[in-house]
Each structure stands twice: as structure tokens, then as C-alpha cells.
Amino acid sequence: MNDNAEIAQQVRRWLEDVVIGLNLCPFAHQPNKLGRIRIAVTDAADEEALLEALQEEMSLLDASAEEDTETTLLAAPHLLDDFDDYNQFFDLVDIWLREFGWEGTYQVAGFHPDYRFAETAADDPGNLTNRSPWPLFHLIRESSIDRAVASYPDVDGIPARNIARVSALDGDERRRLFPYLFG
């Protein structure tokens, strides 16, 4: 198994090469450039421990100024390998956000090596927009989302543009950007 530093480096490379490099998230470049994206790796081996890790990360965000840490990517390399299990875990995350009073303050978005949008084939190129080297939980401040949406001219066009971008990648580009899918 990879150690946590190596896992964090793989997530950083994915963030910079895929998310920012392909401009899948036009809002990620600036916080990354300013060092405001925290990448954390949890050793959680069950869902309860993962919820505790998410709580710790959310508490860290609560305790930090947005100018210091705007968002967190939490990698969970030891569980939720199965995408259906990962996807169902988000039901617990939604409950957890409500229980801790973080609903409306934070959102949690998902990325997974086998990410699959509803009603798409497993090999649909559009799924690449959310495929990451490890199961990831993106903890996002609602205030960041509000500012980004207000300043971007075509937020609704982002998904279609992203699908077109990853669909246009040739086989060599896909193998270079998503090596974990071709292991």
C-alpha cells in the first residue's frame, strides 16, 4: 500500500494536471496557486472512522481563515473502493452535515477512480471529469462557491464543456492523465 505522502502527491498531481490542467474547475487555479487547498489522507478503515476524519477536517476549516485554507481534499485510500458503496456513503455525509450544523456552510463533493454519472455507461468519457486516483471527499466552503458563481460568466456550461474536453483526449493523453485507470 502507498504511504500517505505518496497518496497526497498523487492527489496533488491529479489536481494540477487534470482538474486545473484541463480547466475542469475554473475556480481551482487561484486557491491552488495561493496554497489554500489542503490535501489530507485518512487511515480510516471503516465508515465511522471516515466520518470522524471528515469531522476533523471540517473542524480545521472552521478554525482557519478562508485566506489560509479555502478547501480540503480528503483521500480515503483504505475503504470505499466500490463506487456504489462510496456513492451510498454520501447519504451519511448529508446527514452528518445537518447534524453538525454545517449544511449551508459547506458542501462535500465526490471524486472516485470508478466515478460514474447516473444513466451513463461505465466507459463513458464524461465520467473522467470526476475520476480521481483515490476515493476523495472535497470539502468546499459555500462562500467560495457563491463568489465563484457570481464572478463566472457561464457556470451552467461547465459540465458540457468538461465532458467535451475529456472526450477529446486521445488514448495517450488519457493514459498520461489517468494512469491509475490503466494499471
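Residues are listed down the side, and each one gets a yes or a no for (1) under 17 Å from the mean Cα position of the chain (by Cα); (2) within 25 Å of residue 76 (Cβ to Cβ):
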{"position": "112", "(1), (2)": "yes, yes"}
{"position": "133", "(1), (2)": "yes, yes"}
{"position": "158", "(1), (2)": "yes, no"}
{"position": "161", "(1), (2)": "no, no"}
{"position": "165", "(1), (2)": "no, no"}
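Residues that are in contact (Cβ under 8 Å) with a residue 12 or more places away in the chain and among the basic types (Lys, Arg) within region 81-121 comprise just one, 116.
Out of the residues in region 48-63 meeting the condition of being without any contact (Cβ under 8 Å) to a residue 60 or more places away in the chain and touching an Asp or Glu at 6+ places or on another chain (Cβ under 9 Å), tell me which one is surrounded by the most Cβ atoms within 10 Å (Cβ to Cβ).
Residue satisfying both the conditions and the ranking: 53.
Just to be sure, is residue 113 in a loop (DSSP other than H, G, I, E, B), touching a strand residue (DSSP E or B) at 6+ places or on another chain (Cβ under 8 Å) and at pLDDT 95 or above?
No; evaluated as a whole, the condition is false for this residue.
Scanning region 55-88 for residues that are touching a helix residue (DSSP H, G or I) at 6+ places or on another chain (Cβ under 8 Å) and over 15 Å from residue 134 (Cα atoms) yields a count of 5.
If we scan region 10-19, do we find a residue that is within 20 Å of residue 107 (Cα to Cα), under 15 Å from the mean Cα position of the chain (by Cα), free of Cβ contacts under 8 Å to residues at least 24 places away in the same chain and buried (at least 17 other Cβ atoms within 10 Å of the Cβ)? Yes: region 10-19 contains one or more residues that are within 20 Å of residue 107 (Cα to Cα), under 15 Å from the mean Cα position of the chain (by Cα), free of Cβ contacts under 8 Å to residues at least 24 places away in the same chain and buried (at least 17 other Cβ atoms within 10 Å of the Cβ). Taking each residue of region 166-182 that is farther than 17 Å from residue 124 by Cβ and without any contact (Cβ under 8 Å) to a residue 40 or more places away in the chain and looking for partners that are surrounded by 12 or more Cβ atoms within 10 Å (Cβ to Cβ) and basic (Lys, Arg) with beta-carbon atoms closer than 7 Å, six or more apart or interchain, yields nothing.
Taken over region 161-183, the criterion of being of a type in the set (Gly, Ala, Ser) and closer than 12 Å to residue 24 by Cβ is satisfied by 164 alone.
Going by what's in this entry, would residue 140 be described as assigned to a helix (DSSP H, G or I) and either without any contact (Cβ under 8 Å) to a residue 40 or more places away in the chain or closer than 30 Å to residue 68 by Cβ (or both)? Answer is no for this residue. Look at (1) more than 14 Å from the chain's Cα centre (by Cα); (2) over 27 Å from residue 100 (Cβ atoms) and you find that residue 45 fails only one, number (2). Among the residues of this structure, residue 103 does not count as one that is more than 20 Å from residue 5 (Cα to Cα), touching a Ser or Thr at 6+ places or on another chain (Cβ under 9 Å), charged (D, E, K, R) and surrounded by 13 or more Cβ atoms within 10 Å (Cβ to Cβ). Of 69, 120, all but one fail to be surrounded by 12 or more Cβ atoms within 10 Å (Cβ to Cβ) and in contact with a strand residue (DSSP E or B) (Cβ under 9 Å, 6 or more places away or on another chain); the exception is 69.
The values are calculated or read from the model by the stated rules, or taken from the named source; none is laboratory data. Remember, it's a predicted structure, so these values are computed and weren't measured experimentally. Ideal geometry is used to build each Cβ from the backbone, glycine not excepted, and the neighbour counts take in all protein chains shown.
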